[in-house]
Amino acid sequence: MNYKLAIAEHLQSQMEGVDAAQIADLLEYPPNPAMGDLSLPCFRLSKLLRKPPNAIADRLKENFGSHPAVEKVESASGYVNFYLDRTRLAHDMLDAVLQAEAPFGSQNIGQGRNIVIDFSSPNIAKPFHVGHLRSTVIGKAIYNIYEFMGYHCIGVNHLGDWGTQFGKLIVAYQQWGDKSKVEADGIDELLRLYVKFHDEADHRPGLEDEARAWFVRLERGDEEALALWEWFKEISLNDFNRIYELLGVSFDSYAGESFYNDKMDAVVQELKDKELLEEDEGAMLVRLDEYGMPPALILKKDGSSLYHTRDITAAIYRKNTYDFEKAIYVTGSAQSLHFQQWFKIIEMMGYDWAKDLVHVPFGQVSLEGAKLSTRKGNVIMLEELLRQAIGKTKAIIESKNPDLENKDEVARMVGVGAIVFNDLSTNRIKDIVFSWDEVLNFDGETGPYVQYTYARGCSLMRKAGEADGAVDPALVDASLLVNEEAQNVLKQLYLFPEKVEQAMHKLEPSLISRYLVDLAQSFNRFYHNCPILVEDQALRAARLALVESVRAVLRTGMNLIGLEAPEKI
Ligand code: ARG
């Protein structure tokens, strides 16, 4: 049931020249329930209808007549306020959540069309750090949301498996490396070698030249260089996969940067043919002065390719392979210029689908104010972070609920959920300062709080089920859910489909995270003020149906943002 549209359609006959969708767009949720459940500000209509807002509001109220979803209409200082019929709201929501065949909130906007989402994309031989975690978590949530809206998503892990760093790593490995140590410690050891390279290169400038030479060998397919590179990649993927497993994330394609090695020549040629390439001291670049951006390097003096070259090639490949409606790239905002540059180049090449390329930037994560940089080894390795979260959650469970079954499994779901939720709790573009106290607070606006609320709902249903079996929503008397607390929960439920759709359009999963906290809070107020397992069978059934609805929406919402939903905590 879409009340905005229903009311808009009903009002339309009173407003010539304005269509229902326009009116629906104008309808707002008043901040204060004393001003109704929905409100139509008449200020913008005033121009169209050539009447003062007050007069429009008065007339709309006078002529409203009746609508089954609306109990009362008021006109107040240029606004028309609508009060929803409480029984009707309860009936509609229970019906939509518990009876409908498709999951509540899902839609088929996409009709199976393709969306490519490039996310996570860590770099081989470098640790998976907190920035990659954000990309993974935000990217996966966007993936789930698009699928829920009827799209077919292709999740691409654009592994950073090519570039000059491999020259450095080969040099470092040959000078100071030890095979068994790399095998035992994986990325940790590769990182140690990488950091050592930089420390040494500070006073041995020749090292940089050696590294460059090795990278050129790699680009030319030198066997020794290739074998080492393959091995670094395998070691790194083993480590990454442990993290993806903890997060429950997988990809449809692992075609990384190296995948485009044999596809770049054609694209460079195309850039030449289209007269976009310019030589500059032996290097090749595309000038973007006209667009207020620095030039984009396409080939270095030694002929080796760059990040831009690979991204342009990858985009053309993806368009040809998946014919996407949108290609989405999730990275830190530090890369915004990079994406703006090459999106522009795609446009200059004459591809009209340049407009379908979307960069989804996000802010930085800092730990006690320290910036995270791989080069100096100042990183929190994500795996360690996740394991700490799991450990800390386990300790909380041990002290609060020592008899819980599957403690380890629940600690994993909640610990990982806490980290995931923290990454999605504010607008993605904002920087995050990581604080353990906030992340794991069961009473705060956190993942554990939402999961705990869900488990509370499950526990209620278990208790009820043991006594009298499940509730049949079709037999529930909706008029028993008209009190304030129940109505607040129902209004929250009503908002869910709208929030998910907004989250998709704005590529902003935090809209769902924040929604889940709101829903959990309204549910907890209901739970504290309205006893549920009461004697009165009809009241009990009605309240249980509401519990069941909240439980379903919390679970759907959590799954959308990549949180698991434990039934007991
Ligand atoms: N590997 C890059 C990094 O760690 C992210 C790659 C993002 N995707 C892309 N197509 N450029 O910063």
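The values are calculated or read from the model by the stated rules, or taken from the named source; none is laboratory data. Computed from a predicted structure; not experimentally measured. Reconstructed Cβ throughout: ideal geometry from the backbone, glycine too, with neighbour counts over all protein chains shown. In case anyone asks, the SASA skips ligands and DNA or RNA and just uses the protein heavy atoms, side chains included. Shrake-Rupley method; radii C 1.70, N 1.55, O 1.52, S 1.80 Å.
When ASP437, ASP443, ASP431 are screened for being open to solvent by 60 Å² or more (accessible area, probe 1.4 Å), at pLDDT below 95 and either within 28 Å of VAL360 (Cβ to Cβ) or touching a strand residue (DSSP E or B) at 6+ places or on another chain (Cβ under 9 Å) (or both), only ASP431 passes.
Of the numbered criteria (1) at pLDDT 95 or above; (2) aliphatic (A, V, I, L, M); (3) open to solvent by 10 Å² or more (accessible area, probe 1.4 Å), the one ALA541 fails is (1).
Given the structure, is GLU71 at pLDDT below 90 and more than 36 Å from the chain's Cα centre (by Cα)? Taking the combined requirement at face value, the residue does not satisfy it.
Restricting attention to segment 102-155, the residues that are closer than 15 Å to PRO497 by Cα, among the acidic types (Asp, Glu) and open to solvent by less than 30 Å² (accessible area, probe 1.4 Å) total 0.
Cβ-Cβ distances below 8 Å connect the following pairs, each with a first residue in segment 320-333 that is more than 30 Å from VAL130 (Cβ to Cβ) and open to solvent by 20 Å² or more (accessible area, probe 1.4 Å), a second residue that is more than 12 Å from the ligand (Cβ to nearest atom) and among the aromatic types (Phe, Trp, Tyr), and a separation of six or more residues or different chains: GLU325/TYR151. Applying the criterion of being modelled with pLDDT of 90 or more and either within 23 Å of ALA96 (Cβ to Cβ) or of a type in the set (Val, Ile, Thr) (or both) to the residues of segment 12-29, the residue that is surrounded by the most Cβ atoms within 10 Å (Cβ to Cβ) is ILE23. Only one entry in LEU297, LEU367, LEU357, LEU337 is open to solvent by 10 Å² or more (accessible area, probe 1.4 Å), of a type in the set (A, V, I, L, M, F, W, C) and within 11 Å of the ligand (Cβ to nearest atom), namely LEU357.
Residues are listed down the side, and each one gets a yes or a no for (1) under 26 Å from SER135 (Cα atoms); (2) free of Cβ contacts under 8 Å to residues at least 12 places away in the same chain; (3) part of a loop (DSSP other than H, G, I, E, B):
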residue: PHE166; (1), (2), (3): yes, no, no
residue: LEU169; (1), (2), (3): yes, no, no
residue: LEU191; (1), (2), (3): yes, no, no
residue: ASP209; (1), (2), (3): no, yes, no
residue: PHE215; (1), (2), (3): no, no, no
residue: ALA225; (1), (2), (3): no, no, no
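Residues that are touching a helix residue (DSSP H, G or I) at 6+ places or on another chain (Cβ under 9 Å) and modelled with pLDDT of 95 or more within segment 215-232 comprise ASP222, GLU224, ALA225, LEU226, LEU228, TRP229, TRP231, PHE232, listed in sequence order. For segment 30-45, the condition holds for no residue, the condition being that it is over 27 Å from GLU501 (Cβ atoms) and open to solvent by 80 Å² or more (accessible area, probe 1.4 Å).
The single condition from (1) out of contact with any strand residue (DSSP E or B) (no Cβ under 7 Å at 6 or more places or on another chain); (2) in a loop (DSSP other than H, G, I, E, B); (3) away from the ligand (no atom under 16 Å from the Cβ); (4) within 29 Å of PHE362 (Cβ to Cβ) that PHE128 fails is (3).
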